[in-house]
1. Compute from the Cα atoms of the chain the Rg and the Dmax, the latter being the longest Cα-Cα distance, and quote both in angstrom.
2. How large is the helix-only mean residue ellipticity at 222 nm for the chain, computed as the sum of -39500 (n - 2.57) over DSSP H runs with n ≥ 4, divided by its residue count, in deg cm²/dmol to the nearest 500?
3. Nearest 20 debye, what's the magnitude of the dipole of segment 1-97 about its Cα centre given +1 on Lys and Arg Cβ and -1 on Asp and Glu Cβ?
4. How large is the charge dipole for segment 23-169, taken about the Cα centre, if only the Cβ atoms of Lys, Arg (+1) and Asp, Glu (-1) carry charge, to the nearest 20 debye?
5. Taking residue 145 as the anchor, which lysines have their alpha carbon closer than 17 Å to its alpha carbon, excluding any fewer than eight residues away along the same chain?
6. Of the heavy-atom accessible surface of segment 1-151 (probe 1.4 angstrom), what whole percent is carbon and sulfur?
7. When only Cα pairs under 8 Å and 6 or more residues apart are kept, what is the percent relative contact order across the chain?
8. Could you provide, to the nearest whole Å², the per residue accessible area of the chain with probe 1.4 Å?
Amino acid sequence: MEMLITADDLRTRIDRMAGEIARAYAGRPVTAVGILTGCVVFMADLIRRIDLPLRVAFLTASSYRGTATAPGQLVIRDDFLPDLTGRHVLVLDDILDTGKTLTRVVAHLVDRGAESVKVGVLLRKIGRQEVPFEPDFVGFTIPDKFVVGYGLDYNDEYRHLPYVGVLPAGG
Ligand code: 5GP
Ligand code: MG
C-alpha cells in the first residue's frame, strides 16, 4: 500500500482542525453529525480535541447503483438522529469527491430544523467536484486517486488502517 498521509500527519492536522472549529463556534454548543461509515475514525479523533459543548449523532448516506433505483441515487437514513431544531450542526465526512453527498445531506439537515450547518471533511479530492460546494473545514487536499484507510474502505475493508493509503491497481 502506497502511503499518502501518515498517522503523524493526521494527528497534527486534526489537532489544528479541532482548534479551527472551536474558534469558529466561539463557545456555542454544537451537534456533530457523522456520515457513516467513513466518518468514524476521523470523527472519533477530531471530537475528542474540540473544546466546545458537543453532542454526537450519525446518519447514513448511500448511493445505490442496483437495478431497483436510478444510478447513483442517494438514500439518506436518519432514524437515529436527535431533534436538531435550533441546533448548530457540524457535518463530518471522510472525503469530498463529487460533492453530491454533502450537498444533499446539508439540505436534509436544514429541512430537519438545524439552526446552522457547517461541514468538515478529512479529505478533499481535487478535480472531481461536479456540484459547487464549499466545505468549512478541510483536513487535506489530495490528488484524484482512490484512497483507503483511516475510515475509508474498499469493499468494506481497510477502514481500520491508521494512515491514508492509495490502493494498488487491482485491489
Ligand atoms: P461524493 O458524493 O462527494 O461524490 O461522494 C463522497 C463519498 O464517496 C465518500 O463519502 C466516500 O464514501 C466515497 N469516496 C469518494 N472518493 C473515495 C476514495 O478515494 N476512497 C474511498 N474509499 N471512498 C471514496
Ligand atoms: Mg461516505
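The values are calculated or read from the model by the stated rules, or taken from the named source; none is laboratory data. Quantities reported herein were computed from a predicted structural model and do not represent experimental measurements. Heads up, the Cβs are rebuilt from the backbone with ideal geometry, glycines too, and the neighbour counts pull from every protein chain shown. Quick note on the areas: whole protein, heavy atoms, side chains included, nothing else; ligands and nucleic acids left out. Shrake-Rupley method; radii C 1.70, N 1.55, O 1.52, S 1.80 Å.
1. Using the Cα atoms of the chain, the pair Rg, Dmax is 15.7, 47 Å.
2. Mean residue ellipticity, 222 nm, calculated: -7000 deg cm²/dmol.
3. 300 debye
4. It comes to approximately 220 debye.
5. 125
6. Whole-percent figure for carbon plus sulfur exposure: 50.
7. Relative contact order for the chain comes out at 24 percent.
8. Details: 8890 Å² over 171 residues.
Accessible area per residue, the chain: 52 Å².
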